[in-house]
1. Looking for something open to solvent by less than 80 Å² (accessible area, probe 1.4 Å) and under 28 Å from VAL189 (Cα atoms) - is there at least one such residue anywhere in the stretch 99-107?
2. Hey, does the stretch 105-121 have a residue that's touching a residue at least 24 places away in the same chain (Cβ under 8 Å), at positive phi and touching a Lys or Arg at 6+ places or on another chain (Cβ under 7 Å)?
3. Can you find, within the stretch 51-70, the residue that is surrounded by the fewest Cβ atoms within 10 Å (Cβ to Cβ) among those that are within 22 Å of VAL142 (Cβ to Cβ) and in contact (Cβ under 8 Å) with a residue 60 or more places away in the chain?
4. Taking helices (runs of 4 or more DSSP H) that do not extend beyond the stretch 181-275, which have at least 1 residues that are polar (S, T, N, Q)?
5. Do you know which residues across the stretch 15-33 are part of a helix (DSSP H, G or I) and hydrophobic (A, V, I, L, M, F, W, C)?
6. Considering only the stretch 200-214, I want to know if a residue exists there that is at pLDDT 80 or above and either farther than 30 Å from GLN159 by Cβ or of a type in the set (Asp, Glu) (or both).
Amino acid sequence: IMGRNGKGYKVSELSSNINKHASIVQQQSGCEGQFSLFNTLQLAHKTLTGMPSYASREVLLIAGSLTSVDPRPIQEIITSMVEGNIRVSVIGLSASVQIFNRVAAATGGSYHVMLDEQHLQELLRFHCTPPTATPTMEPTLVKMGFPPHTSTGALAVCQCHVDEREKCELSTTGFTCPTCKSRYCEVPVECRLCSLTLVCAPHLARSYHHLFPLHLFKEVEMGMGEGRCTGCEGELTAGDGAVSYQCGECLKLFCYTCDLFIHDMLHHCPGCEGS
């Protein structure tokens with residue numbers, strides 16, 4: 001959604017296809033005219049209202065404007081966002097604006113003003129991590145398909161670009177929908193024919209890690225001759241000030257290096273899995 005000339009415009013539909021969003025944004029002429037925070041958030045609210053209960057509803061606003069020309073009081077849209085359980089976070093490109101801070105605080109989001117290009121990249125990466133699951137989120141079974149990447153002797157057009165003449169290319173490879181056998185050049189995507197959500201196993205694994213993060217291990221002071229690390233099987237350092245890290249579930253001990261690897265890369269406890 002882009003805000004320009006006092007209105008909000010939807011330039012790309014909700015999708016997990018990163019390349020599609022990037023391509024559409026690059027084709028835009030840029031923002032111009034006056035910015036309306038009310039109209040932009042109103043369009044975002046309309047788009048996210050129909051999301052299922054198990055989905056998180058978030059808006060990330062990247063704003064360069066220092067003013068907002070709104071047709072109605074901004075408190076109306078803030079109330080609608082709160083009632084719709086929609087969190088609004090703002091990244092400012094120029095200076096701090098009180099109304100942006102107010103919207104973010106009221107909806108449970110965050111507000112930051114970039115310092116330089118590197119700081120902007122850090123802020124964007126921060127918002128790429130989805131929030132953890134909350135007790136209010138209703139668990140729901142979602143039907144998904146795991147399309148195999150196949151190669152056939154026949155040339156065909158993928159459903160991703162069937163409507164785009166410039167990018168419409170014939171190919172013998174792609175992901176095949178297990179239900180209707182439609183071909184797609186990349187996943188995740190929602191099948192255009194049978195509406196089945198097509199994903200790969202790593203996509204679900206990453207989502208699970210973010211929604212249900214591994215709990216932090218507790219620091220434990222080490223005495224003399226207290227065993228080895230459960231992860232690398234290296235001898236744990238003993239002595240004054242030496243610590244190891246203990247899982248609260250299986251009570252296994254880990255060294256500092258394994259603790260970092262488990263929480264940053266593995267995302268599950270080897271001791272709990274082994275038992």
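The values are calculated or read from the model by the stated rules, or taken from the named source; none is laboratory data. In this text the structure is predicted, and so the values were computed from the model without any measurement. Cβ: placed from backbone, ideal geometry, glycine included. Neighbour counts: every protein chain shown. Protein only, heavy atoms only, side chains kept; ligands, DNA and RNA dropped before computing areas. Shrake-Rupley method; radii C 1.70, N 1.55, O 1.52, S 1.80 Å.
1. no
2. Looking through the stretch 105-121, none of the residues is touching a residue at least 24 places away in the same chain (Cβ under 8 Å), at positive phi and touching a Lys or Arg at 6+ places or on another chain (Cβ under 7 Å).
3. Of all residues in the stretch 51-70, those within 22 Å of VAL142 (Cβ to Cβ) come to 51-58.
With in contact (Cβ under 8 Å) with a residue 60 or more places away in the chain added as a condition, the list becomes 52-54, 56, 58.
Values: PRO52: 8, SER53: 11, TYR54: 13, SER56: 16, GLU58: 17.
Within the stretch 51-70, the match that is surrounded by the fewest Cβ atoms within 10 Å (Cβ to Cβ) is PRO52.
4. Working: elements: 201-211, 256-261, 270-274.
The helices (runs of 4 or more DSSP H) meeting that bar are 201-211, 256-261.
5. ILE18, ALA22, ILE24, VAL25
6. yes
So that you can scan it fast, the table gives a plain yes or no per residue for (1) aliphatic (A, V, I, L, M); (2) open to solvent by 40 Å² or more (accessible area, probe 1.4 Å):
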site: CYS194; (1), (2): no, yes
site: THR197; (1), (2): no, yes
site: PRO213; (1), (2): no, yes
site: LEU216; (1), (2): yes, yes
site: GLU233; (1), (2): no, yes
site: ALA242; (1), (2): yes, no
site: GLY248; (1), (2): no, yes
site: ILE262; (1), (2): yes, no
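A quick yes/no check of all residues on (1) part of a strand (DSSP E or B); (2) on the phi < 0 side of the Ramachandran plot; (3) under 18 Å from the mean Cα position of the chain (by Cα):
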{"residue": "GLN42", "(1), (2), (3)": "no, yes, no"}
{"residue": "LYS46", "(1), (2), (3)": "no, yes, no"}
{"residue": "TYR54", "(1), (2), (3)": "no, yes, yes"}
{"residue": "LEU60", "(1), (2), (3)": "yes, yes, yes"}
{"residue": "SER65", "(1), (2), (3)": "no, yes, no"}
{"residue": "ASP70", "(1), (2), (3)": "no, yes, no"}
